[in-house]
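Below is one structure, written out as structure tokens; the observations come after it.
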Amino acid sequence: MNARFLGIADLVETPSVAVVVDVMRAFTVAAWAFAQGAERIVLAESLDEALALKARHPHWVAIKDGPPAPGFDTVNSPGMLRSMDLGGRTVVQKTTAGTVGALAVKEASLVLCAGFVVAEATARLLRTRASDSVTFVVTGEDGRAEEDLACAQYIARRVTEAETDAAEFLRRAGESRAAAELVERVRQGVHPDDVALCLALDRFPFAMVAASEASLMVLRPYAVPPLTDEASF
């Protein structure tokens, strides 16, 4: 498998298969939302779109980066989200990097959103897909976020090397600038457990697939079949 690692701004053409990585914290939050029962996540283009969707569908749950704000139900924190009952709910998510990256590759034939919490399931899905080329979108810090790059490189390695040790990749993520900013509360809307939750390798058994549905980019969990079966989209 030919793996490319690009920032959002470096996407000059639509890839065939894209894995959009945001470890701290968009796609860790998304995975937790599904674990708490959410049916789907709508990836919003802007805060205004998220609020408009929430206004039209008051029972949806709206999430944003940063501090709490009127119209939003919670913030982009796995530590905060894990206590919410989202059974059967639709979540609307708008973040600074992760949702932007997913929307940037929405025309790809397969879009996966990932973090360490769904790394193995993501790698398994890529193995069943048997793609010759996969573009990993490193969303944070204009493509330089160490936690996102480490996760992307780990998933890419796991596709072809089943015995890959995650320790060094997790160490890099844990020592990243994003991790330090969360620990030191430089960022707002932070729970003390956020970094640990973001580094909880393979906590969830599903991958996360994004696709267009009625003009919206929608993320859903995907139960990865046994390796003897073929995934079909």
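The values are calculated or read from the model by the stated rules, or taken from the named source; none is laboratory data. Note that the coordinates shown come from a computational prediction; the quantities given were computed from them, not determined experimentally. No Cβ is skipped: glycine too gets one built from the backbone with ideal geometry, and neighbour counts run over all protein chains shown.
Values as computed for the structure displayed
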read-out	value
Unmet requirement for ALA179, which otherwise passes all of (1) in contact with a strand residue (DSSP E or B) (Cβ under 7 Å, 6 or more places away or on another chain); (2) of a type in the set (A, V, I, L, M, F, W, C); (3) more than 26 Å from VAL17 (Cα to Cα)	(1)
Residue identified as farther than 26 Å from GLU120 by Cβ and either in contact (Cβ under 8 Å) with a residue 12 or more places away in the chain or not aromatic (Phe, Trp, Tyr) (or both) among ALA3, ALA55, ALA31	ALA55
Filter pass, LYS54 being crowded, with 18+ Cβ neighbours inside 10 Å, in contact with a Gly (Cβ under 8 Å, 6 or more places away or on another chain), over 24 Å from LEU170 (Cα atoms) and not small (Gly, Ala, Ser)	yes
Restricting the stretch 108-135 to residues that are part of a helix (DSSP H, G or I) and among the polar types (S, T, N, Q), the residue that is modelled with the highest pLDDT	THR122
Identity of the residue in the stretch 89-107, in a loop (DSSP other than H, G, I, E, B) and within 11 Å of the chain's Cα centre (by Cα), that ends up nearest to ALA35 (Cα to Cα)	THR95
From the options GLY37, GLY79, residue that is small (Gly, Ala, Ser), in contact with a His (Cβ under 9 Å, 6 or more places away or on another chain) and surrounded by fewer than 24 Cβ atoms within 10 Å (Cβ to Cβ)	GLY79
Qualifying residue in the stretch 149-158 (condition: among the small types (Gly, Ala, Ser) and within 15 Å of the chain's Cα centre (by Cα))	yes
Residues located in the stretch 98-119, provided they are closer than 16 Å to VAL159 by Cβ and either surrounded by fewer than 21 Cβ atoms within 10 Å (Cβ to Cβ) or of a type in the set (Ser, Thr, Tyr) (or both)	LEU110
Where PHE72 falls short, out of the listed (1) among the aromatic types (Phe, Trp, Tyr); (2) more than 19 Å from GLN188 (Cβ to Cβ); (3) surrounded by 19 or more Cβ atoms within 10 Å (Cβ to Cβ)	(2)
Pick from the stretch 121-150, criterion in contact with a strand residue (DSSP E or B) (Cβ under 8 Å, 6 or more places away or on another chain) and under 12 Å from SER176 (Cα atoms), ranking: surrounded by the most Cβ atoms within 10 Å (Cβ to Cβ)	ASP148
One residue from ARG40, ARG56 being within 28 Å of VAL195 (Cβ to Cβ) and basic (Lys, Arg)	ARG40
Residue check for VAL190: assigned to a helix (DSSP H, G or I), surrounded by 20 or more Cβ atoms within 10 Å (Cβ to Cβ), in contact (Cβ under 8 Å) with a residue 24 or more places away in the chain and hydrophobic (A, V, I, L, M, F, W, C)	no
Which listed residue, of PHE204, PHE169, is surrounded by 12 or more Cβ atoms within 10 Å (Cβ to Cβ) and either among the β-branched types (Val, Ile, Thr) or within 15 Å of the chain's Cα centre (by Cα) (or both)	PHE204
Pair list, Cβ under 7 Å, 6 or more apart: the stretch 124-152 residue at positive phi, other residue at pLDDT 95 or above and acidic (Asp, Glu)	GLY143/ASP10
Filter result for ARG177 (surrounded by fewer than 14 Cβ atoms within 10 Å (Cβ to Cβ), at pLDDT 95 or above and either touching a Pro at 6+ places or on another chain (Cβ under 8 Å) or on the phi < 0 side of the Ramachandran plot (or both))	no
